[in-house]
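Student: Okay, here's the structure, questions in a sec.
The values are calculated or read from the model by the stated rules, or taken from the named source; none is laboratory data. Note that this is a predicted model, so its numbers are computed, not measured. Note that each Cβ is placed from the backbone with ideal geometry, even for glycine, and that neighbours are counted across all protein chains shown.
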Amino acid sequence: MGDFILLILIVLLMVRTFRKNRETLRANKKLSKIQLIGVEITFVFSVSIAASLIVYSKNEASRILSNIFVGTLVLAIISFFVFYFIETISDKMINKIAKGAHLKR
């Protein structure tokens, strides 16, 4: 049940991100179709990897740690590092795919 709620929250976060960054999406019209497909695949791949790592770490933390508060703290720390790592790598990949096109954040 908790994994299902986490998945729904991630999808809602993706929708919020798309709605919030409409100007960035308009700037993406300057990219070719191949570049847009590359950016979209990178985004979906990044979100999938992040969700998988967080769900896996949640399961491992709950298996190893019996205290729910410590497990939640460990999950929050792991989630922070996962998001930072995935964001850094996906940003570099998207800039490489876009070949220097100015994509606003």
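Student: In the range 44-59, which residues are surrounded by 17 or more Cβ atoms within 10 Å (Cβ to Cβ) and among the small types (G, A, S)?
Tutor: Listed by number, the residues that qualify are S46, A50, A51, S57.
Student: Same structure again: Please state which of the following conditions I97 fails to meet, knowing it meets all the rest: (1) modelled with pLDDT of 85 or more; (2) among the aliphatic types (A, V, I, L, M); (3) buried (at least 17 other Cβ atoms within 10 Å of the Cβ).
Tutor: Status for I97: all satisfied but (1).
Student: If you don't mind, there's one more thing I want to ask. Can you give me the number of residues within the range 62-83 that are more than 14 Å from the chain's Cα centre (by Cα), under 26 Å from R16 (Cβ atoms) and of a type in the set (G, A, S)?
Tutor: 1
Student: Continuing with the same structure: From the set of residues in the range 60-74 that are β-branched (V, I, T) and surrounded by fewer than 12 Cβ atoms within 10 Å (Cβ to Cβ), which is nearest to L6 (Cα to Cα)?
Tutor: Restricting to residues being β-branched (V, I, T) and surrounded by fewer than 12 Cβ atoms within 10 Å (Cβ to Cβ), the top hit is I68.
Student: Same structure, new question: Does L103 satisfy the condition of being modelled with pLDDT under 80 and either small (G, A, S) or surrounded by 12 or more Cβ atoms within 10 Å (Cβ to Cβ) (or both)?
Tutor: So L103 fits the description; yes.
Student: Identify, please: which residue in the range 26-38 is surrounded by 12 or more Cβ atoms within 10 Å (Cβ to Cβ) and among the hydrophobic types (A, V, I, L, M, F, W, C) and is, among those, modelled with the highest pLDDT?
Tutor: Taking the candidates together, the pick is I37.
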